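Each remark here refers to the structure printed beneath this line.
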Amino acid sequence: MEPIITARGVGKTYQGGFTALRDVDLDIQRGEIFALLGPNGAGKTTLISIICGIVNPSSGTVLADGHDIIRDYRAARSKIGLVPQELSTDAFESVWATVNFSRGLFGKAPNPEYIEKLLRQLSLWEKKDSRIMALSGGMKRRVMIAKALSHEPKILFLDEPTAGVDVELRQDMWQMVHGLRESGVTIILTTHYIEEAEEMADRVGVINRGRLVLVDDKRTLMQKMGEKELRLQLARPMNALPEALAGLRVELGDDGQQLIYHFDIRSDDTGITEFLRRLNDANIDFRDLHTRESSLEEIFVGLVKGAREQSMEEESNP
């Protein structure tokens, strides 16, 4: 299937010389939820601003549903809805009026039935006559999403959609995003919240210092990059690791009550059998054991650290 967004060689260097993006290649598949992760200043907002036609790239090309964002700007932009991180709405307008107005900006004919359906889907129908200024922060963010969807785009960008939102509302937002995907909208979100990507995304892209470090299916990424731990609850605490376990990737928990064995899930031989044999030979008894897999957050931190070290090495060896 042809990607709904295709970026090739996209770069952005600002007038002062700062390079925000470096030669980014990215395909986003139709109907998926794609999460773009990265620390502050990594280039996330710059990349989506280029795709949405807000910022011009210094190099490269971008197609949105087959339309070049530069040569065929109007057609490309009509396919895209954007919910920016900052809330910016007309405080004195009603919810109904502001969403209708946004639809008209794209040259769409009035469609009260669609707007009603949209507001109901976003739990805004009861607030349709309320002024924006009277709404809570969470409701204002829902209005921003309604505005972005008012012209029936096929692609929706959410830039930090739950920034500053409480945990309960964040869960509601996740459910809403899944509902939008089920209705046929392709969703791209940038986020600082690792759990947000882990909860919602089909695929994850990691960006750091303007470079796209990695793009992969979320589950595949965790299988490829995730390390597992085998934790044993000891029958008797230890003060130090015994010589019998020398050479193994094992550590003693801070309280001396646990042995933590690390193994690579990609390896054909995890070494667990050898580890347990040595425990038996050394008469080390344990009461319980369980495994734990690395979270997406741990993988993300490792990737960003590795990319930073590589970038520093490239800069020191031009």
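The values are calculated or read from the model by the stated rules, or taken from the named source; none is laboratory data. If you're wondering where the values come from, they're calculated on a predicted model, not measured in any experiment. Cβ: placed from backbone, ideal geometry, glycine included. Neighbour counts: every protein chain shown.
Is it the case that some residue within segment 52-72 is closer than 24 Å to MET200 by Cβ and among the polar types (S, T, N, Q)?
Checked segment 52-72: no residue is closer than 24 Å to MET200 by Cβ and among the polar types (S, T, N, Q).
Listed here are the residues, each with its yes/no results for (1) hydroxyl-bearing (Ser, Thr, Tyr); (2) surrounded by 15 or more Cβ atoms within 10 Å (Cβ to Cβ); (3) in a loop (DSSP other than H, G, I, E, B); (4) at pLDDT below 85.
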residue	(1), (2), (3), (4)
GLN233	no, no, no, no
PRO237	no, no, yes, no
LEU241	no, no, yes, no
THR273	yes, no, no, no
HIS290	no, no, no, yes
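Name the pairs whose Cβ atoms lie under 7 Å apart, with the first residue in segment 3-19 and in the same structural domain as LEU212 (by TED's automatic domain parsing) and touching a residue at least 40 places away in the same chain (Cβ under 8 Å), the second assigned to a loop (DSSP other than H, G, I, E, B) and among the hydroxyl-bearing types (Ser, Thr, Tyr), and 6 or more positions between them or separate chains?
GLY11/SER58; LYS12/SER58; THR13/SER58
Only one of LEU296, LEU259 is modelled with pLDDT under 65, in contact with a Lys or Arg (Cβ under 9 Å, 6 or more places away or on another chain) and surrounded by 14 or more Cβ atoms within 10 Å (Cβ to Cβ); which?
LEU296
Counting residues that are in contact (Cβ under 8 Å) with a residue 24 or more places away in the chain and of a type in the set (Gly, Ala, Ser), which strands (runs of 3 or more DSSP E) fully inside segment 139-219 reach at least 1? If you could, list the steps in order and put the result at the bottom.
On the way: elements: 155-159, 186-191, 203-208, 211-217.
Filter on segment 139-219 gives 203-208.
May I ask you to list the residues in segment 48-105 that are in contact with a helix residue (DSSP H, G or I) (Cβ under 8 Å, 6 or more places away or on another chain) and assigned to a strand (DSSP E or B)?
Passing the criteria: VAL62, LEU63, ALA64, HIS67, ASP68, ILE80, GLY81, LEU82, VAL83, SER94.
Looking only at segment 193-205, decide whether some residue is surrounded by fewer than 18 Cβ atoms within 10 Å (Cβ to Cβ), closer than 30 Å to SER150 by Cα and at pLDDT 85 or above.
Yes: segment 193-205 contains one or more residues that are surrounded by fewer than 18 Cβ atoms within 10 Å (Cβ to Cβ), closer than 30 Å to SER150 by Cα and at pLDDT 85 or above.
Any idea which of (1) within 30 Å of PRO3 (Cβ to Cβ); (2) buried (at least 19 other Cβ atoms within 10 Å of the Cβ); (3) touching a residue at least 12 places away in the same chain (Cβ under 8 Å) is the one ILE132 doesn't satisfy?
The failed condition is (1).
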